[in-house]
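Here's the structure we're looking at; comments come further down.
The values are calculated or read from the model by the stated rules, or taken from the named source; none is laboratory data. Worth saying up front: this structure is predicted, and the values here are computed from it rather than measured. We place every Cβ from the backbone using ideal geometry, glycine too, and count neighbours over all the protein chains shown.
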Amino acid sequence: MSVNDTLASSANVLLYGSMASYTGAFLGYTLDLAGGAERAERSSVAAPGRQLAQVGAGTHQVAAARTPAQTRGGDVPGGGDVPQQPRRKAAGIAVSLTVLALLLHLAAVLARGVAVQRPPWGNMYEFATAGSAVVTLAFLAALRWRDLRYLGTFVIGPVLLTLGLAVTVLYTRAGQLVPSLKSVWLAIHVSVAFVSSALFTIAFSLTVLYLVQERRERRLAAGEAPRRSFMDALPPARELDLTAYRLHAVAFPLWTFTLVAGAIWAENAWGRYWGWDPKEVWTFVIWVVYAGYLHARATRGWQGTKSARVALVGYGCILFNFLVVNIFFVGFHSYAGVS
Amino acid sequence: MSTATTRRPPATLPRLGPLGTVRYVWRQLTSMRTALFLLLLLAVAAVPGSVLPQRGVNAAQVTGYLAAHPGVGPWLDRLGGFDVFSSVWFSAIYLLLFVSLVGCVLPRSRQHVRAIWAQPPSAPRHFDRLPAHREAVLFGDAASTVAAARSALRARRYRVRVTDLTGGGHEISAERGYLRETGNLVFHLALVVLLVAVAAGHLLGWRADVIVPVGSTYTNAVANFDAGDPGPWVDTERLPPFTVAVRSMFVTFEEQDVATRGAPRDFRADVTSTESPGGPGRNSVISVNHPLSVDGAKVFLLGNGYAPVITVRDRSGQELYSEATPFLPQDGNYTSVGVVKVAGAQPEQLALNGLFLPTVAFQGGRVPVSIFPDAKNPALALQVYTGDLGSSPSVYTLDQRSMTPLRQPDGALVRLILAPGQTVDLPAGLGTVTFDRVERFAGFSVRHDPGKGWALGAAIAAMVGLTLSLFVPRRRVFVRARPGTGDDRGATLLEVAALARGEDTGLDDELDRLLGALGPARPQNALQEATA
């Protein structure tokens, strides 16, 4: 079957369009963060005890016996006398631009897929473009669960970087696949890997913010003078930690499924379900490190920052797996297509 | 009370005897902290297995590495650097990890079985010490409140126990989420089953790589393995004697797209298989991702190449050799290397060693190279050797120690270039060589792994157990309802509290849901709400 080159070039144009929109969204999130310190100061002046009460109160339902004034979007549940937090216009615009960018991004991925008449994830360029689309999708989905707009910069930034890397260094012209990739497992194994990695990415950003926030809170408790920073507008460290944990808890079973699906596919294509080829080794390493993270959270003395650091190592392994192993380590998995 | 205390000697700890030491070591081994260290150590230990070439993945790369690093190479080899995953130290780590796992999981399983049969424990005295609690004053009497609470909790799948309080009122202890621990235990035990299944597959299974030219038949027996090994416990006499005959092959490469020109696109082998030699044949197609199942084993198409049919005749025209000779591809353009060994040649044995080039071009006018993997312009480029073939272990390489290359009268090496259908005379009256036609060969991998099904079952069980252990909330809810006194006479003083085993952010929601199911609160009493 031939490759539809016109459609493939339309895919490229759509991708550039999405990158422009992502840039706008990135600026919006950054502006929102930049105004965070002032917003936090204003709200703490209005209600000194409010900071403590914000713990866990963000989107949790208020007790049934109290009249709730619950709204989404970072606003504090209103009582009678506390002023509402200012509407975060920059963040709102940023989210709209993210949605636009994602639509263009998905259109680009879809166009590429139609151009080559197969799932568009058969080489590094396609991994990067489709994978980053899933990251944005996961982020937008997470926004409907919690107000994570403060995370926008740290998620859309890497997405933009990945796309930049894809169109410059990793670019390969639309083409067909080598025979071993022609299987239904390509759709299953790789797409679940994308979703899992996307959730790990968002959880990674949350973990980094947790560590920074935790250090600030520790310094504050030790009596140091508080320094104004955009981090004031972010939730307290404990909530960041818990949100990160919940994302890790969803991503880890998905990664386990990726590993098992990969083994089933390997048995079908190469005759053995596990051969310690470099990509299999690193998938295993990632699994073990995140299993260590989950274990650490249940181990006395390892809760909090120590387990967070294990999660950081795990994400480092994911990056290594994607960037280094795909390209430099030769094994059965050499589909990078990058010369 | 006197402030002066007599100084007591420092407490002497009892000395651990041998049994005590064993118990101490065992407790350390099965602790969570040890498991954590072993897990992280396992991850670190696996890394060299991806950075250094491994024999199991690519033996040729290992040889190349040893040749390129003559100093540090042998040392790495001694330390198991090229066989990391079967090395002693790697095995020690995961075996210790599994011992730790089993040592922790078995007692927990016993505890869990007991807990499943037990009733929820009695409520603690101080509800405000629990992570989530609420207080309220409700309309209605204590008994009806407790009944409503009981049915609300049971609707949320709690196991409920109601007790009466002295002085009026009732108390409820409720617990849910036993499935969480069940899932946790299933996950960890499934890992043990997985390990056993992998070991069983290794011990009782066998694998073989074979090269079968089109028109030839493979009969399954250890003697016919080109590469590969049976597991240590396999009875090599009792391998299933099925046969696979390759009737034709279909191989295509990318021709249109310039960027990926020459990349493999499709390859299939049409085969006829029988369960035993002479039995009824079954036609099927083996392609990548579509192996053939025959008599408990699976045949995978892993590679392909060319097996040019070459005929060697002596000077009187008698055929000494006529076979499809597999030449093994070395690169993406299928430049293939092989050797024709003519054992019956007189007076000395003869060998033709060289290259097969599917699409030949001559670099600089003289050096033959292949520029495309499909057989568009095939050619053989051979050198002639005479001498003693010896007993070389490989069919595809020539042991050159007792063979000498034939030379022209002017000293230059004899090099033969043949196109299909061409015959050339060998110098010194040794006979003729004919390149009859080009055939392909199928590179099969035949495998039998009895532990495969168990490994898959264990993996699926592990995934189910893992999901349950992460998402089923394990909670205890306590309710205390007492009849109000004084101003609250006729109403019920209600306290509810919740406790979770492990991380749980939904405790407040759970209590709010419970309160919502009970009657309305009396408005004039200030509602006390605790921050979580």
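Residues that are of a type in the set (D, E, K, R) and either without any contact (Cβ under 8 Å) to a residue 60 or more places away in the chain or in contact with a Phe, Trp or Tyr (Cβ under 7 Å, 6 or more places away or on another chain) (or both): which strands (runs of 3 or more DSSP E) entirely in region B:314-408 hold 1 or more of them? Give the derivation first.
Working: elements: B:319-324, B:336-342, B:349-357, B:360-363, B:367-370, B:379-387, B:403-405.
Hits in region B:314-408: B:319-324, B:336-342.
Filter region A:207-249 down to residues that are touching a helix residue (DSSP H, G or I) at 6+ places or on another chain (Cβ under 6 Å), within 14 Å of chain B (Cβ to nearest Cβ) and closer than 30 Å to B:Ala190 by Cβ, then give me how many there are.
Counting residues in region A:207-249 that are touching a helix residue (DSSP H, G or I) at 6+ places or on another chain (Cβ under 6 Å), within 14 Å of chain B (Cβ to nearest Cβ) and closer than 30 Å to B:Ala190 by Cβ gives 6.
Check B:Ala297, B:Ala245, B:Ala227 and return the single one that is in contact (Cβ under 8 Å) with a residue 12 or more places away in the chain, more than 14 Å from chain A (Cβ to nearest Cβ) and out of contact with any Cys (no Cβ under 7 Å at 6 or more places or on another chain). I'd like the intermediate steps shown before the answer.
Working: B:Ala297 fails: more than 14 Å from chain A (Cβ to nearest Cβ); B:Ala227 fails: more than 14 Å from chain A (Cβ to nearest Cβ).
Testing whether each residue is in contact (Cβ under 8 Å) with a residue 12 or more places away in the chain, more than 14 Å from chain A (Cβ to nearest Cβ) and out of contact with any Cys (no Cβ under 7 Å at 6 or more places or on another chain) leaves just B:Ala245.
Can you confirm whether B:Phe435 is over 30 Å from B:Val162 (Cβ atoms), modelled with pLDDT of 90 or more, within 13 Å of chain A (Cβ to nearest Cβ) and in a strand (DSSP E or B)?
Numbers: over 30 Å from B:Val162 (Cβ atoms): yes; modelled with pLDDT of 90 or more: yes; within 13 Å of chain A (Cβ to nearest Cβ): no; in a strand (DSSP E or B): yes.
So B:Phe435 does not fit the description; no.
Out of everything in region B:492-520 that is within 19 Å of B:Gly140 (Cβ to Cβ) and of a type in the set (Gly, Ala, Ser), what residue ends up being surrounded by the fewest Cβ atoms within 10 Å (Cβ to Cβ)?
B:Gly516
Look at A:Val260 and say whether it is without any contact (Cβ under 8 Å) to a residue 24 or more places away in the chain, under 16 Å from B:Leu194 (Cβ atoms) and at the interface with chain B (Cβ under 7 Å from one of its Cβ atoms). Reasoning before the result, please.
Details: without any contact (Cβ under 8 Å) to a residue 24 or more places away in the chain: yes; under 16 Å from B:Leu194 (Cβ atoms): yes; at the interface with chain B (Cβ under 7 Å from one of its Cβ atoms): yes.
The answer is yes for A:Val260.
Determine, yes or no, whether B:Arg108 is touching a helix residue (DSSP H, G or I) at 6+ places or on another chain (Cβ under 8 Å), basic (Lys, Arg) and at pLDDT 90 or above. Talk me through it step by step, then tell me what you get.
On the way: touching a helix residue (DSSP H, G or I) at 6+ places or on another chain (Cβ under 8 Å): yes; basic (Lys, Arg): yes; at pLDDT 90 or above: yes.
Yes.
Residue under question is B:Val234, and the condition is that it be in contact (Cβ under 8 Å) with a residue 60 or more places away in the chain and either surrounded by 17 or more Cβ atoms within 10 Å (Cβ to Cβ) or among the hydroxyl-bearing types (Ser, Thr, Tyr) (or both); does it hold?
no
Can you tell me how many residues in region B:152-188 are free of Cβ contacts under 8 Å to residues at least 40 places away in the same chain and more than 20 Å from B:Phe471 (Cβ to Cβ)?
Adding up the residues that qualify gives 4.
Return only the number of the condition from (1) more than 30 Å from B:Ser293 (Cβ to Cβ); (2) more than 11 Å from chain A (Cβ to nearest Cβ); (3) surrounded by fewer than 21 Cβ atoms within 10 Å (Cβ to Cβ) that B:Ala481 does not satisfy.
With (1) more than 30 Å from B:Ser293 (Cβ to Cβ); (2) more than 11 Å from chain A (Cβ to nearest Cβ); (3) surrounded by fewer than 21 Cβ atoms within 10 Å (Cβ to Cβ) applied to B:Ala481, the lone miss is (3).
Could you look through region B:451-462, keep only residues that are touching a residue at least 60 places away in the same chain (Cβ under 8 Å) and facing chain A (nearest Cβ under 9 Å), and pick out the one that is farthest from B:Leu179 (Cα to Cα)?
In this case the residue turns out to be B:Lys452.
Quick grid of which residues meet (1) crowded, with 23+ Cβ neighbours inside 10 Å; (2) facing another protein chain (nearest Cβ under 9 Å); (3) in a loop (DSSP other than H, G, I, E, B); (4) modelled with pLDDT under 95:
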| residue | (1), (2), (3), (4) |
| --- | --- |
| A:Arg272 | no, yes, yes, yes |
| A:Gly275 | no, yes, yes, yes |
| A:Ile286 | yes, yes, no, no |
| A:Tyr293 | yes, no, no, no |
| A:Gly301 | no, yes, yes, yes |
| A:Ala308 | yes, no, no, no |
| A:Leu312 | no, no, no, no |
| A:Leu319 | no, no, no, yes |
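Provide a single number: the residues in region A:153-176 that are surrounded by fewer than 21 Cβ atoms within 10 Å (Cβ to Cβ) and not in a helix (DSSP H, G or I).
So the count comes out to 4.
Could you check how many residues of region B:452-498 are assigned to a loop (DSSP other than H, G, I, E, B) and under 39 Å from the mean Cα position of the chain (by Cα)?
Going through region B:452-498 one residue at a time, the tally reaches 3.
Name the strands (runs of 3 or more DSSP E) wholly within region B:136-255 that hold at least 1 residues that are out of contact with any Ser or Thr (no Cβ under 9 Å at 6 or more places or on another chain)? Working first, answer last.
Details: elements: B:159-164, B:170-176, B:206-213, B:217-219, B:243-253.
Per the criteria, B:159-164, B:170-176, B:206-213, B:243-253.
Given the condition touching a residue at least 12 places away in the same chain (Cβ under 8 Å), farther than 30 Å from B:Gln28 by Cα and either more than 13 Å from chain A (Cβ to nearest Cβ) or surrounded by 14 or more Cβ atoms within 10 Å (Cβ to Cβ) (or both), answer yes or no: does some residue in region B:84-92 qualify?
Looking through region B:84-92, none of the residues is touching a residue at least 12 places away in the same chain (Cβ under 8 Å), farther than 30 Å from B:Gln28 by Cα and either more than 13 Å from chain A (Cβ to nearest Cβ) or surrounded by 14 or more Cβ atoms within 10 Å (Cβ to Cβ) (or both).
Out of the helices (runs of 4 or more DSSP H) lying entirely within region B:1-113, which hold 3 or more residues that are not small (Gly, Ala, Ser)?
Working: elements: B:18-29, B:32-46, B:48-51, B:59-68, B:72-78.
Those helices (runs of 4 or more DSSP H) span B:18-29, B:32-46, B:59-68, B:72-78.
Per-residue answers, yes or no, for (1) at pLDDT below 90; (2) within 30 Å of A:Gly314 (Cβ to Cβ); (3) within 14 Å of chain A (Cβ to nearest Cβ):
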| site | (1), (2), (3) |
| --- | --- |
| B:Gly20 | yes, no, no |
| B:Leu40 | no, yes, yes |
| B:Pro53 | yes, yes, yes |
| B:Leu95 | no, yes, no |
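State which residue pairs qualify: first residue within 15 Å of A:Leu14 (Cβ to Cβ) and at pLDDT below 90 and inside region A:152-175, second residue among the hydroxyl-bearing types (Ser, Thr, Tyr) and crowded, with 19+ Cβ neighbours inside 10 Å in any location, beta carbons under 7 Å apart, and separation of 6 or more residues or different chains.
Note: pairs meeting the criteria are A:Ala166/A:Tyr125; A:Ala166/A:Thr129; A:Tyr171/A:Tyr125.
What pairs can you find where one residue is in region A:106-122 and more than 17 Å from A:Phe194 (Cβ to Cβ), the other is at pLDDT 85 or above and of a type outside the set (A, V, I, L, M, F, W, C), and their Cβ atoms are less than 7 Å apart, with a gap of 6+ or different chains?
Once the first residue is more than 17 Å from A:Phe194 (Cβ to Cβ) and sits in region A:106-122, its partners that are at pLDDT 85 or above and of a type outside the set (A, V, I, L, M, F, W, C) give A:Ala111/A:Ser10.
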